[in-house]
Amino acid sequence: MTLDLNVLNHLGLNLYSNTPAVLSEVIANAWDADATEVIITCDQESDTIEISDNGCGMTLDDINNKYLCVGYQKRINGEALSSKFKRPVMGRKGIGKLSLLSIADTIKIYTKKDNQKNAFCLSREDIEREITSTNRLYTPKEIDFVDFPFITGTKLVIKNFKKNINRTAEFLRKRLARRFTIIGSNFNIILNDKPISIEDRDFFNRIQFIWPIGELDPSLKN
């Protein structure tokens with residue numbers, strides 16, 4: 001049995017069509033990497049989204065043998081719990097990183113771990129070219145490392161978005177708040193300098209009655 005690179009079209013390149021779903025994959029990876037902080041910056045002028053976390057980061061071996069290994073499954077490889085905080089990992093099928101290319105053409109990745117600093121670029125155009133060629137191997141382009149303000153961790157720069165992809169901070173805030181119940185539990189997501197909170201879910205103003213199991217969160221009493 002052989003697999004063609006064309007399978008990437010079905011696994012990831014066309015997996016999602018909306019920004020919140022894609023960013024959720026990145027945030028889930030940060031959770032799995034024992035990050036306590038994820039910083040997202042949506043810059044409308046430069047038309048980019050930057051996501052950085054203070055997780056464990058990646059060495060060159062991690063990049064080649066895990067991140068760039070499509071279908072790498074953490075649970076099967078003895079990583080059902082994160083190494084530091086023993087969190088149950090969110091990553092399942094090992095294809096989430098491909099989802100980034102379903103909304104944009106260029107993804108730059110900067111990561112540092114164990115005094116190693118690495119940077120590379122994923123290009124949808126280059127992958128699609130390899131898919132249509134006789135090659136069965138895609139090699140991301142190595143780029144210059146640009147530092148970011150965490151000792152360890154990973155930063156992604158997403159650019160060259162597809163048309164009609166909503167990527168404003170206002171649109172993302174509510175939808176990311178609704179996707180993650182872990183916000184605030186030693187895990188904070190900061191979007192354009194403002195932390196995402198459970199209030200951003202915008203559910204509570206629609207509730208007439210609430211019956212709590214256990215102690216009611218003080219933020220819900222108002």
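Carbon-plus-sulfur accessible fraction, the chain (probe radius 1.4 Å, protein heavy atoms only): 50%. The dipole here belongs to the chain: it is taken about the Cα centre, uses +1 on the Cβ of Lys and Arg and -1 on the Cβ of Asp and Glu, and is about 620 debye. Under 17 Å Cα to Cα from residue 194, which lysines show up? Leave out anything in the same chain fewer than 8 places away. Those lysines meeting the cut-off are 174. Residues in the chain average 58 Å² of solvent-accessible surface per residue, probe 1.4 Å, ligands and nucleic acids excluded. For residue 86, the lysines whose Cα comes closer than 26 Å to its Cα, not counting residues fewer than 8 places off in the same chain, are 66, 74, 97, 112, 113, 117, 155. Here the gap between residue 116 and residue 47, fully extended at 0.36 nm per residue and compared with their Cα-Cα distance, gives a gain of 21.9 nm.
Derived from the Cα gyration tensor, the three semi-axes of the equivalent ellipsoid of region 60-185 are 24, 21, 17 Å, largest first. The C-alpha atoms of the chain define a longest principal axis, and helix 19-32 lies at about 90 degrees to it. Dividing the C-alpha radius of gyration of the chain by 2.2 N^0.38 Å, with N its residue count, gives 1.07. Computed about its Cα centre, the charge dipole of region 107-200 is approximately 320 debye, with only Lys, Arg, Asp and Glu carrying charge at their Cβ.
If you wrap the tightest convex hull around every Cα atom of region 45-87 and split its volume per residue, you get 125 Å³.
The values are calculated or read from the model by the stated rules, or taken from the named source; none is laboratory data. These numbers were taken from a predicted model, which means no experiment stands behind them. Quick reminder, even Gly has a Cβ in these numbers, built from the backbone with ideal geometry, and neighbours come from all protein chains shown. When the accessible area is computed, the model is the full protein with side chains, heavy atoms only, and any ligands, DNA or RNA have been set aside. Shrake-Rupley method; radii C 1.70, N 1.55, O 1.52, S 1.80 Å.
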